[in-house]
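Bear in mind these aren't lab numbers, they're just calculated from the coordinates by the rules spelled out. Remember, predicted model here, so these are calculated numbers, not experimental data. Backbone-built Cβ (ideal geometry, glycine too); neighbour counts: all protein chains shown.
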Amino acid sequence: MSGKTTPDYDAVIVGAGFSGIYLLHKLREAGFNILLVDAAAQPGGIWYWNRYPGARVDSQVPLYEFSLPDIWQTWSWTERFPGWEELRTYFRHVCDTLDLWPHMRLGTRVESARFAEKASLWRLHLDGGDTVTARFLLPALGFASKPYVPDIPGLDTFAGEWCHTARWPQEGIDLAGRKICLIGTGASGVQVAQEAAKSADRLTLFQRTPILALPMRQETMTEEGQVCEKQGYPAIFEQRKQTSGGFEYQSLEKSALEVSDEERTAHFEHLWQRGGLKFWYHNFADMLTNREANRYAYDFWRDKVRERIVDPALAEKLAPAEPPHPFGTKRPSLEQNYYEIFAQENVALVDLKETPIVRISADRIETQDGAFDCDLIVFATGFDAGRGGLIDMNITGLGGLGLAQAWNDGLRAYLGMSVTGFPNMLFSYGPLSPSGFANGPTSAEIQGDWICDFLIWLRQGGIKLFDAEPQAETTWTEIVAQAGAMTLFPEADSWYMGANIPSKKRQLINFPSVVGYAAVCDDVAQNAYRGFAT
Ligand code: N01
């Protein structure tokens, strides 16, 4: 294969989640010869790897699905917030309906990808030993494909079972009767905790920072009901592209400070009763930019949650009087009965700020204040978001430059899609795009359409090589930082800020507006793909 200048494929997509599947469909429709590769045995991306009990999406139907009529007209959901099994079935339906299977190589990991400069193509080494070449490399790995397990002394001496939520064994783990220690109380931790509390002999939750969780208000859905609702889908799909988060609503235009106490509380109550993430994305205009406005939201949230916790000491740990961080600057999660499980005899909470973990031994986790027996440790400790999966793909660009090296001093990427020195590569749902802030399918479709149009434009011009201009990359990276500086996000030690991974540079890793991002990308396209050297 070496020395060959005609690539096997026009493009190789890596990842069979929303972004990768959408790209595959669009590029095939546009007549490109495409291969999609994924290490997972089934399509679904995050929904393949995160199959822990209770894993379900927190964007409600119909926000979290493709806007392609062939798909939504032939599919109905059983729950307003679908679980991982149904989401996997949905992905199979998508691949069947769009006839994508022949172009997918599942259960295959890309070990490395290197740009061959003379031939202007990407050469990918796959774990089975094969090599494939492509003109364009399109990683679509999602923002959370690299789990993070903290380095706790003694984990290697633990005699029981342990796993990260995103590497849950596909055959499952029976939680009944187990002594479970669960570390981490983000969205994944909350979901596992609710399930584990049902049948564990003992569930001990290790909390470092309380999650500011919102009521999900799950509903079952009928096929007949959806027939009626579907009339409104095209408008909702259009609307979700016009918002900051890619959901169906934007924040209000009003400040929380310009309304009366009654009006403010009434709006908070309205959002609370409707459930889901609306309290986050449909709140007052300045909730994420003004401390005082934010504090009103926090106080409302705290009082609502405290109504559900009888023990005042526990209430102070789960919903402290003073906010642990501005509301919404760490991603809120949705809960169904999270605050009630702590009243159960088999559930306990350990506050790691008071009693840090010292070590793990054969059958327990030891903290400064005591030890907790366990036969299963669950790490719900998050991800090296944005960059982790891309770095693990061992991508090498011009002059032998590795992506990890290129990002040594922090993440940089033009439009959150292209890194200077890595020609002919565009990643979708990557760092410095809206990804982590955005409803996945909205972002996947906006970027997928843009990438497809760009590749068509290159084909029409007979152009075989592009690279992001260094100045364009620098400017976009600064724009993302400046956008972040206008918000309260930098005040939290969150994965949004890269602060959850030791030694990762502190910077806002995503652009906080889907609609603003789409406008910039459109403008770039209309100006002959300004910022790309060809
Ligand atoms: O991960 P996280 P996640 N010792 O990083 C704690 C999406 N998602 O998997 O806050 C002890 O949010 C850490 O503590 P702290 C969603 O976008 C969506 O839960 O850093 N604890 C935190 O409590 C979400 O935001 C869905 O102080 C440690 C937790 O581990 C994103 O994925 C479901 C620690 C990590 O929380 C990630 O969520 C699941 C340590 N050394 C995920 N290190 C839905 O759609 C970290 N922690 C519903």
- Estimated 222 nm signal from helices in the chain, with DSSP H stretches of n ≥ 4 weighted -39500 (n - 2.57), rounded to 500: -9000 deg cm²/dmol
- Charge dipole (the chain, unit charges on Cβ, about Cα centre) - positive-most of Met486, Pro324, Ala266: Met486
- Task: Could you compute the FRET efficiency for Asp303 and Glu229, with r as their C-beta to C-beta distance and R0 at 45 Å, rounded to 0.05?
- Result: 0.85
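Taking the mean number of other Cβ atoms within 10 Å as a proxy for protection, how do you rank 168-177, 393-402, 140-149 from highest to lowest?
Working: 168-177: 12.1, 393-402: 16.9, 140-149: 23.9.
Result, highest mean Cβ count within 10 Å first: 140-149, 393-402, 168-177.
Can you say what percent of the DSSP beta bridges in the chain, counting only those with both residues inside, are antiparallel? Round to 5. Could the numbers behind the result be given before it?
On the way: 25 of 59 bridges.
Among the beta bridges of the chain, antiparallel pairing accounts for roughly 40 percent.
Only Lys, Arg, Asp and Glu count, each charged at its Cβ (+1, +1, -1, -1), so figure out the dipole size of the range 389-473 about its Cα centre, rounded to 20 debye. Can you show the working numbers first?
Details: 3 positive and 8 negative charges, 32 e Å.
In total the dipole reaches around 160 debye.
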- Helix 261-274 vs. the chain, principal-axis angle (Cα, 0 to 90°, nearest 10): 70
- Considering the chain, which cysteines have no disulfide-compatible partner, defined as another cysteine with its Cβ under 4.7 Å away? Cys95, Cys163, Cys228, Cys452, Cys521
- If each of Thr222 and Asp130 carries a label point 7 Å out from its Cα toward its Cβ, how far apart are those two points in nm? 4.7
- Query: For helix 84-97, what angle does its Cα long axis make with the longest principal axis of the chain, in degrees from 0 to 90 and rounded to 10?
  - Reply: 20
- Note on the structure: Simple SL model, points at 7 angstrom along Cα→Cβ for Asn408 and Asp523; separation in nm is 3.3
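Could you pull out the pairs from Lys26/Lys230; Lys317/Lys504; Lys118/Lys464; Lys254/Lys304 whose alpha carbons sit more than 18 Å apart here?
Values: Lys26/Lys230 23 Å; Lys317/Lys504 28 Å; Lys118/Lys464 12 Å; Lys254/Lys304 23 Å.
The answer is Lys26/Lys230; Lys317/Lys504; Lys254/Lys304.
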- What's the angle, to the nearest 10 degrees (0 to 90), between helix 187-199's Cα axis and the longest principal axis of the chain? 50
- Item | the chain, dipole about Cα centre (Lys/Arg Cβ +1, Asp/Glu Cβ -1), debye to the nearest 20 | 1180
- Item | Per-peptide average of other Cβ atoms within 10 Å, ordering 478-490, 432-444 highest first | 432-444, 478-490
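Using alpha-carbon pairs under 8 Å, 6+ residues apart, how would you state the relative contact order of the range 156-204 in percent?
Details: 35 pairs, mean separation 20.1, N = 49.
Here the relative contact order equals 41 percent.
Give the relative contact order (percent, whole number) for the chain; include only Cα pairs under 8 Å separated by 6+ residues.
Details: 1088 pairs, mean separation 107.0, N = 534.
Answer for the chain is 20 percent.
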- Taking the Cα-to-Cβ direction at Tyr249 and at Lys505 and moving 7 Å from each Cα, how far apart do the two end points lie in nm? 3.7
- Item | Unit charges at the beta carbon, dipole of the range 79-184: most positive-side option, Ala134, Phe158, Val110 | Ala134
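Pulled fully out, how much extra length does the chain show between Asp369 and Ala348, if you take 0.36 nm times their separation in residues and subtract their Cα-Cα distance?
6.1 nm
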- Of all trypsin sites (Lys or Arg not before Pro) in the range 314-398, which ones are in loop regions per DSSP and have a Cβ with at most 13 other Cβ atoms within 10 Å? Lys353
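Can you list which of the trypsin sites (Lys or Arg not before Pro) found in the range 487-534 are DSSP loop residues with at most 16 other C-beta atoms within 10 Å?
On the way: sites: Lys504, Lys505, Arg506, Arg530; in loops: Lys504, Lys505, Arg506, Arg530.
When the trypsin sites (Lys or Arg not before Pro) of the range 487-534 are filtered for loop state and at most 16 Cβ neighbours within 10 Å, Lys505, Arg506, Arg530 remain.
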